[in-house]
Amino acid sequence: MAYNLTDRQQSMLLPSIIDDYVSVEDPVRAYEAFVDALDFQELGLPLMPRGNADEYYPKAMLKLFIYGYAYGIRSSRKLERACQHNLSFMWLMGGLKPDYRTIARFRQQHKEILRKVLKQCVRLCMKLGLIEGNALFIDGSAMRADASMKHTWDIKRCERHIQKLNERIDHLVDEKESEDSDAEQEENLSKLKEQLRDKKQLKEAVEEFTKSTQRKSLNTTDPDSVNTKGRQGTHAGYKAQIIADGKHGLIINSDALSHSQDANELHGQVQGAQEVLGQKPKVVCADAGYYSPEDLSKIDNTITLVVPAPETMRQERTEQSNPFNKEQFIYNADTDTYTCPAGKLLTHSGNRDEGRVYLARSKDCHSCIHFGICTKRQQKGRSIIRMNHEVLQQRLKATYKSVAGQAIYKLRQQTVELIFGHFKRNQSAGQFLLRGRLGTNAELSLLSTCFNMARMITLMGGVSRLILKLNNA
């Protein structure tokens, strides 16, 4: 049996023309067709050359970023190397080889334009019949920022550092008084005083920042980032939000938020999706992290919401129910009272910020056979609170527990939760490369567009068919 050998000195290594570098079904051709189908005037990216120094064609640079992000090649240095060594990148760029500084500068200067790419991708998908916009599935995940936790400061940390610096300064001053001072001591004291001034200025900046943003800390590397918790610990990061369409799971909208929680974000995300779609969805589904009755009450009441309460999810996990929880008490709208499981009345006794308080008579509770189980209060009877959005909460619970609601919630798990796994594993995007919300949203838009492109190639039956559809869109 002979070995297969090659000769680097052979006269022809590559095809004579660049277009033969990749096959007709290579995905890179679909990515080029997609970028060619974009409306660059709407994006705000000028294609006509300007009167300054020569630069690379903006459309080619955009192709480079979208195709690179699709295969996890995101850093400017790796993109530069790909243009020099990877045949598909050589084909895409037509043999152009921009250096990493040029690549990084283009991304930095056109963050707003990159953020708009997903919106045009969604509209193309709607023309192709791949997105309907009837059902929206929403999920969020923490993604690391390009910043370290050691650069995150709060008031207490600043005060601790200031205290330590003061102690070290006092120690040096005491040494000076007891010994002859030398030049080295003077230099150390000067450096400590300078550090103290810097920390005091930092503390003032943190105090001003926390007051204006209602946040507890400031990261000096990326001020827009927040502390996010995950399986690998606490890191500086963003809460990435994704809205997927119910038909094929394509991404409609993405947003990187300076928050660590999903609560109170659903209304804003639905509004963002409606602006992209140009229509109102029929169904919106999210997990229990988005459950905030005050926020959900802002959503159009004609939209069916499938959002379980955290308590409902806990009961499902433990498979235990309390026979004396609030659900077992019947509200009497005509008399504005509640009837407990034992048939006793709870009357309105006052108000709280979260709702109206209803209280049973103490003698009714003390004489009840369920006393000690339903309530253990000695001075007063059992109390419950009718929340400000009680009707909405009851409707949400009934919708979630219905057969249709359970089917929709199961579909959400299959549709939107896999997207972040695709980002972090297949596209190597566990961490943002750009800083600030504008930069992270630009990257999230690129990642979402690439996810849609991968799905579009499959849904349309291959590269050639997708290219044909994009050329006619």
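Restricting attention to region 328-338, which residues are outside any loop (DSSP other than H, G, I, E, B) and either among the charged types (D, E, K, R) or surrounded by 13 or more Cβ atoms within 10 Å (Cβ to Cβ) (or both)?
We begin by selecting, within region 328-338, every residue outside any loop (DSSP other than H, G, I, E, B); these are 328, 330-332, 337-338.
Result: GLN328, TYR331, THR337, TYR338.
Considering only region 145-165, I want to know if a residue exists there that is closer than 19 Å to ALA236 by Cβ, at pLDDT below 80 and assigned to a helix (DSSP H, G or I). Show your work before the answer.
Initially, region 145-165 is screened for residues closer than 19 Å to ALA236 by Cβ, giving 145-158, 161.
Filter once more, keeping what is at pLDDT below 80: 161.
With the extra rule that they be assigned to a helix (DSSP H, G or I), the set shrinks to 161.
Scanning region 145-165 turns up at least one residue that is closer than 19 Å to ALA236 by Cβ, at pLDDT below 80 and assigned to a helix (DSSP H, G or I).
If I go through region 327-361 residue by residue, how many of them are among the aliphatic types (A, V, I, L, M) and more than 18 Å from PHE371 (Cα to Cα)? First the steps, then the outcome.
Keep residues of region 327-361 that are among the aliphatic types (A, V, I, L, M), which gives 330, 333, 342, 345-346, 357, 359-360.
Subset that is more than 18 Å from PHE371 (Cα to Cα): 330, 333, 357.
So the answer is 3.
Can you run down the residue pairs with Cβ atoms below 9 Å, 6 or more apart or on separate chains, where the first is in region 361-377 and without any contact (Cβ under 8 Å) to a residue 40 or more places away in the chain and the partner is assigned to a helix (DSSP H, G or I) and small (Gly, Ala, Ser)?
ARG377/SER362
Let me confirm something: among THR415, THR399, which residue is in contact (Cβ under 8 Å) with a residue 24 or more places away in the chain, in contact with a helix residue (DSSP H, G or I) (Cβ under 6 Å, 6 or more places away or on another chain) and within 19 Å of ALA135 (Cα to Cα)?
On the way: THR415 fails: in contact with a helix residue (DSSP H, G or I) (Cβ under 6 Å, 6 or more places away or on another chain).
None of the others qualify; the one that does is THR399.
Name the residue, out of LEU38, LEU45, that is over 15 Å from LEU446 (Cα atoms), in contact (Cβ under 8 Å) with a residue 60 or more places away in the chain, among the aliphatic types (A, V, I, L, M) and assigned to a loop (DSSP other than H, G, I, E, B). Quick ask: steps written out before the conclusion?
Values: LEU38 fails: over 15 Å from LEU446 (Cα atoms).
None of the others qualify; the one that does is LEU45.
Name the pairs whose Cβ atoms lie under 9 Å apart, with the first residue in region 450-473 and at positive phi, the second modelled with pLDDT under 95, and 6 or more positions between them or separate chains?
From region 450-473, the pairs are GLY462/GLU25.
Looking for whichever is of a type in the set (D, E, K, R), under 21 Å from ALA407 (Cβ atoms) and outside the structural domain of GLN120 (by TED's automatic domain parsing) here; the options are ASP287, ASP300. Which one fits? Full working, then the answer.
Details: ASP300 fails: under 21 Å from ALA407 (Cβ atoms).
Testing whether each residue is of a type in the set (D, E, K, R), under 21 Å from ALA407 (Cβ atoms) and outside the structural domain of GLN120 (by TED's automatic domain parsing) leaves just ASP287.
For region 51-94, give me the residue count where each residue is within 16 Å of HIS110 (Cα to Cα) and of a type in the set (Lys, Arg).
So the count comes out to 3.
Just checking, how many residues over region 287-326 are out of contact with any His (no Cβ under 8 Å at 6 or more places or on another chain) and either assigned to a helix (DSSP H, G or I) or of a type in the set (Asp, Glu) (or both)? Let's see the steps before the verdict.
Residues of region 287-326 out of contact with any His (no Cβ under 8 Å at 6 or more places or on another chain): 287-292, 300-323, 325-326.
Filter once more, so that each one left must be either assigned to a helix (DSSP H, G or I) or of a type in the set (Asp, Glu) (or both): 287-290, 300, 310-319, 326.
Residues flagged as out of contact with any His (no Cβ under 8 Å at 6 or more places or on another chain) and either assigned to a helix (DSSP H, G or I) or of a type in the set (Asp, Glu) (or both) within region 287-326 amount to 16.
This table checks each residue for (1) modelled with pLDDT of 95 or more; (2) in contact with a Leu (Cβ under 9 Å, 6 or more places away or on another chain).
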position: ASP54; (1), (2): no, no
position: ALA60; (1), (2): no, yes
position: ALA70; (1), (2): yes, yes
position: TRP91; (1), (2): no, no
position: THR102; (1), (2): no, no
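Considering every residue within region 226-248, establish whether at least one is under 13 Å from the mean Cα position of the chain (by Cα), buried (at least 21 other Cβ atoms within 10 Å of the Cβ), of a type in the set (D, E, K, R) and within 27 Å of ARG123 (Cα to Cα).
no
How many of the residues making up region 314-339 are modelled with pLDDT of 85 or more and either of a type in the set (A, V, I, L, M) or farther than 16 Å from MET387 by Cα (or both)?
Total satisfying the criteria: 6.
Tell me, please, whether a residue that is under 22 Å from PHE423 (Cβ atoms), part of a helix (DSSP H, G or I) and touching a strand residue (DSSP E or B) at 6+ places or on another chain (Cβ under 6 Å) can be found in region 120-129.
yes
Select, from ILE408, ILE369, the only residue that is over 19 Å from ILE303 (Cβ atoms) and β-branched (Val, Ile, Thr).
Details: ILE408 fails: over 19 Å from ILE303 (Cβ atoms).
The unique qualifying residue is ILE369.
How many residues, within region 249-272, are within 30 Å of GLU207 (Cβ to Cβ) and crowded, with 24+ Cβ neighbours inside 10 Å?
Keep residues of region 249-272 that are within 30 Å of GLU207 (Cβ to Cβ), which gives 255-265, 268.
Next, from what is left, pick out any that are crowded, with 24+ Cβ neighbours inside 10 Å: 256.
Counting residues in region 249-272 that are within 30 Å of GLU207 (Cβ to Cβ) and crowded, with 24+ Cβ neighbours inside 10 Å gives 1.
Just to be sure before I move on: is GLU275 surrounded by fewer than 17 Cβ atoms within 10 Å (Cβ to Cβ), under 21 Å from LYS116 (Cβ atoms) and among the acidic types (Asp, Glu) in the structure I sent? Break it down stepwise before answering.
Working: surrounded by fewer than 17 Cβ atoms within 10 Å (Cβ to Cβ): yes; under 21 Å from LYS116 (Cβ atoms): yes; among the acidic types (Asp, Glu): yes.
Spelling it out, GLU275 is indeed surrounded by fewer than 17 Cβ atoms within 10 Å (Cβ to Cβ), under 21 Å from LYS116 (Cβ atoms) and among the acidic types (Asp, Glu).
Looking at region 23-34, is at least one residue within 18 Å of SER448 (Cβ to Cβ) and not aromatic (Phe, Trp, Tyr)?
As a first pass, look at region 23-34 and keep what is within 18 Å of SER448 (Cβ to Cβ): 27, 30-31, 34.
This time we only want the ones that are not aromatic (Phe, Trp, Tyr), so: 27, 30.
Looking for residues that are within 18 Å of SER448 (Cβ to Cβ) and not aromatic (Phe, Trp, Tyr), one finds at least one in region 23-34, hence yes.
The values are calculated or read from the model by the stated rules, or taken from the named source; none is laboratory data. The model shown is predicted, which means the values in this text are computed figures rather than measured ones. When we count neighbours, we look across all protein chains shown, and the Cβ atoms used for this are built from the backbone with ideal geometry, even at glycine.
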